[in-house]
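Read the structure below first, then the notes.
The values are calculated or read from the model by the stated rules, or taken from the named source; none is laboratory data. Here the structure is a predicted model, which means the values were calculated and not measured. We place every Cβ from the backbone using ideal geometry, glycine too, and count neighbours over all the protein chains shown. In case anyone asks, the SASA skips ligands and DNA or RNA and just uses the protein heavy atoms, side chains included. Shrake-Rupley method; radii C 1.70, N 1.55, O 1.52, S 1.80 Å.
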Amino acid sequence: MTDCEMSIMLASVFRKLEKEGFLKKPINSPIRIGVSNRHVHLDRNAMDMLFGTDSALTRRNNLGQPGQYASEETLTLRGPKGEIKRVRVLGPLRAKCQVEITVSDGYRLGVEAPVRDSGDLEGTPGLELIGPKGSLTLEKGVIVAGRHVHMTPLDAAIYGVKDRDLVSVEIAGPRGALLRNVLIRVSDTAGLEMHIDVEEANALGVKNGMPGEIVIG
Ligand SMILES: [Zn+2]
């Protein structure tokens, strides 16, 4: 039995236990918080235009989600009011370009990026991306990423949540807070991790790797 099959089987056991009322209170175990700085996801076409035809991203360091990495490649973001240089490209390449910035970055660039879930790009503003081999103007794709928790179906069963649920997460410490509207994102390949951006993290006194605790309701 593979790990994946095992987790699906265990998840179904947990769901059954939940259904029978044995898991009414979710198990409160803390979740690691990963803090995201501004970054860019590129599609193949944008990669060709910015870094050269058939160019490839160079892995710099792995991220919390399996297969995801920060690359050596960086870009300049240019908006109507200003530029931000050395913005890291995350790999691997995706089906659509997406630029994730903080609210402060938006002021600096002169773009009003809405808080959105990854991939929900309709009606979002664009930006100019400048790379070493060329530049391009995105029509849309600039967002402030909504906070979320990645987990597997097994984790979801244990915590008593499902994909797309909104939960609250308790943050301890002198600037502690209860964060509402935290989106649960379930996938077979997820690493259990909550993602917030660096601006939220600073406001809460959270550093990369610190714990948060899911509170339902
Ligand atoms: Zn994430």
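Tabulated values for the structure
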read-out: Residue selected from the range 19-37 under the condition buried (at least 16 other Cβ atoms within 10 Å of the Cβ) and not β-branched (Val, Ile, Thr), by the criterion modelled with the lowest pLDDT; value: Pro26
read-out: Index of the failed condition, Asp163 passing every other in (1) away from the ligand (no atom under 16 Å from the Cβ); (2) surrounded by fewer than 17 Cβ atoms within 10 Å (Cβ to Cβ); value: (1)
read-out: Count of residues meeting criterion [out of contact with any helix residue (DSSP H, G or I) (no Cβ under 6 Å at 6 or more places or on another chain) and open to solvent by 20 Å² or more (accessible area, probe 1.4 Å)] in the range 166-176; value: 6
read-out: Residues (open to solvent by 70 Å² or more (accessible area, probe 1.4 Å) and away from the ligand (no atom under 16 Å from the Cβ)) located in the range 57-82; value: Arg59, Arg60, Glu72, Arg78, Pro80, Lys81
read-out: Residues satisfying the stated conditions in the range 187-215, i.e. in a strand (DSSP E or B) and either open to solvent by less than 40 Å² (accessible area, probe 1.4 Å) or under 25 Å from Val40 (Cβ atoms) (or both); value: Glu193, Met194, His195, Ile196, Asp197, Gly212, Ile214
read-out: Among (1) of a type outside the set (Gly, Ala, Ser); (2) surrounded by 21 or more Cβ atoms within 10 Å (Cβ to Cβ); (3) more than 15 Å from the ligand (Cβ to nearest atom); (4) under 18 Å from the mean Cα position of the chain (by Cα) - the single one Leu93 does not satisfy; value: (2)
read-out: Filtered residues of the range 126-164 (kept if within 29 Å of Asp105 (Cβ to Cβ) and among the basic types (Lys, Arg)); value: Lys133, Lys140, Arg147, Arg164
read-out: Hits in the range 38-56 - residues which are open to solvent by less than 90 Å² (accessible area, probe 1.4 Å), out of contact with any helix residue (DSSP H, G or I) (no Cβ under 6 Å at 6 or more places or on another chain), in contact (Cβ under 8 Å) with a residue 40 or more places away in the chain and charged (D, E, K, R); value: Asp43
read-out: Residues (over 18 Å from the mean Cα position of the chain (by Cα) and either within 26 Å of Pro153 (Cβ to Cβ) or open to solvent by 40 Å² or more (accessible area, probe 1.4 Å) (or both)) located in the range 177-186; value: Leu178
read-out: Options Leu154, Leu129, Leu121: the member that is open to solvent by less than 20 Å² (accessible area, probe 1.4 Å) and more than 18 Å from the chain's Cα centre (by Cα); value: Leu129
read-out: Residue count for the range 103-118, restricted to those that are surrounded by fewer than 18 Cβ atoms within 10 Å (Cβ to Cβ) and within 16 Å of the ligand (Cβ to nearest atom); value: 3
read-out: Criterion (of a type outside the set (Gly, Ala, Ser), under 22 Å from Val13 (Cβ atoms) and in contact (Cβ under 8 Å) with a residue 40 or more places away in the chain) met by exactly one of Asp188, Asp165; value: Asp188
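This table checks each residue for (1) at pLDDT below 95; (2) in contact with a Pro (Cβ under 7 Å, 6 or more places away or on another chain); (3) among the small types (Gly, Ala, Ser).
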{"residue": "Cys97", "(1), (2), (3)": "no, no, no"}
{"residue": "Pro125", "(1), (2), (3)": "no, no, no"}
{"residue": "Leu136", "(1), (2), (3)": "no, no, no"}
{"residue": "Gly146", "(1), (2), (3)": "no, no, yes"}
{"residue": "Arg185", "(1), (2), (3)": "no, no, no"}
{"residue": "Gly191", "(1), (2), (3)": "yes, yes, yes"}
